[in-house]
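The values are calculated or read from the model by the stated rules, or taken from the named source; none is laboratory data. A quick note: this is a predicted structure, and the numbers were derived from the prediction, not measured. Please note: Cβ atoms are built from the backbone with ideal geometry, for glycine as well, and neighbour counts cover all protein chains shown. With ligands, DNA and RNA removed, areas are computed over all heavy atoms of the protein, side chains included. Shrake-Rupley method; radii C 1.70, N 1.55, O 1.52, S 1.80 Å.
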Amino acid sequence: MNLIVACDEKWGIGKDGKLLCYIPTDLKYFKEKTTGKVVVMGRSTLESLPKSKPLPNRTNIVLTRKKDLEVPGATVVHSIEELYETVNGYVPGDVFIMGGASVYNELLMNCDSLYITKIYADFDADCHIKNVDEIPQFKVVWKSEEMEENGIRFQFFEYKRKIVKKEK
């Protein structure tokens, strides 16, 4: 599985149920990475999308504890185990975790690739993910040039899980 997220300098990802800021280049990057793929999100993330509807041109999976939730155009699962059963039929590299914070933090260590947009600002976020730079199992394998849009500096990073060699 993969994880895709934009975060500020303190690993904040949202405030009041919304994105921290509007960066069209980041939204384009997200769309390029996830179109034609599987996206996994929590119910609150679904509700934060335009018209609270699943993303087009993707297989949408919503992870929620709400047993009676029905989402036209999406598969609803109620546990991590049920999520794994559902994504088992897909190529692991085609599955993207896209939020929110509890889903990211629950599934982070099960991902092989992380696509992180680092925003060089502090937005006083109320939702955070774990600081990936402090997790020894991941290393940066690519980063873009630093960019600026709407007065906001940001940079794309790709992390991969380190392969641990077993001793004989």
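Observations on the model:
- A Förster distance of 25 Å, applied to the separation of the beta-carbon atoms of Lys28 and Arg65, puts the FRET efficiency at 0.15.
- Residue-wise HN-Hα couplings along segment 122-130, as the Karplus relation 6.51 cos²θ - 1.76 cosθ + 1.60 with θ = phi - 60° gives them from phi, are 10, 9, 6, 5, 10, 10, 9, 10, 5 Hz; Gly and Pro carry x.
- The chain, dipole about Cα centre (Lys/Arg Cβ +1, Asp/Glu Cβ -1), debye to the nearest 20: 480
- The residues of segment 49-113 expose, per residue, 57 Å² of accessible area to a 1.4 Å probe.
- Label selected from [x] 1.03; [y] 1.62; [z] 1.29, the criterion being Cα Rg over 2.2 N^0.38 Å as computed here: [x]
- Close amide-amide hydrogen proximity is noted between Ile97 and Asn2, Leu3, Ile4, Val40, each under 5 Å apart and 5 or more residues distant or on a separate chain (H modeled in the peptide plane; Pro and chain starts excluded).
- Lysines whose Cα lies under 27 Å from that of Lys10, excluding same-chain neighbours fewer than 8 positions away: Lys18, Lys28, Lys31, Lys33, Lys118, Lys130, Lys139, Lys143, Lys160, Lys162
- Take the Cα of Glu81, step 7 Å toward its Cβ, do the same at Val164, and the gap between the two points is 2.5 nm.
- Normalised by the number of residues in the chain, the mean separation of alpha-carbon contacts (under 8 Å, six or more apart) gives a relative contact order of 32 percent.
- Overall, the accessible surface of segment 40-157 at a probe of 1.4 angstrom is composed of carbon and sulfur to the extent of 47 percent.
- If R0 is taken as 30 Å, the Cβ-Cβ distance between Lys51 and Asp94 corresponds to a FRET efficiency of 0.75.
- Here's the picture: charge each Lys and Arg Cβ at +1 and each Asp and Glu Cβ at -1 in segment 45-168, and of Gly151, Gly99, Val140 the one pushed furthest to the positive end of that dipole is Val140.
- DSSP bridge orientation in the chain - percent antiparallel, rounded to nearest 5: 45
- Residues whose amide H comes within less than 5 Å of that of Arg58, counting only those at least five positions distant or on another chain, are Gly36 (H built at 1.01 Å from N in the peptide plane).
- 3J(HN,Hα) couplings calculated from phi for segment 17-34 with the Karplus curve 6.51 cos²θ - 1.76 cosθ + 1.60 (θ = phi - 60°) are, in sequence order, x, 10, 5, 5, 7, 9, 10, x, 5, 5, 5, 5, 4, 4, 4, 4, 6, 9 Hz; Gly and Pro show x.
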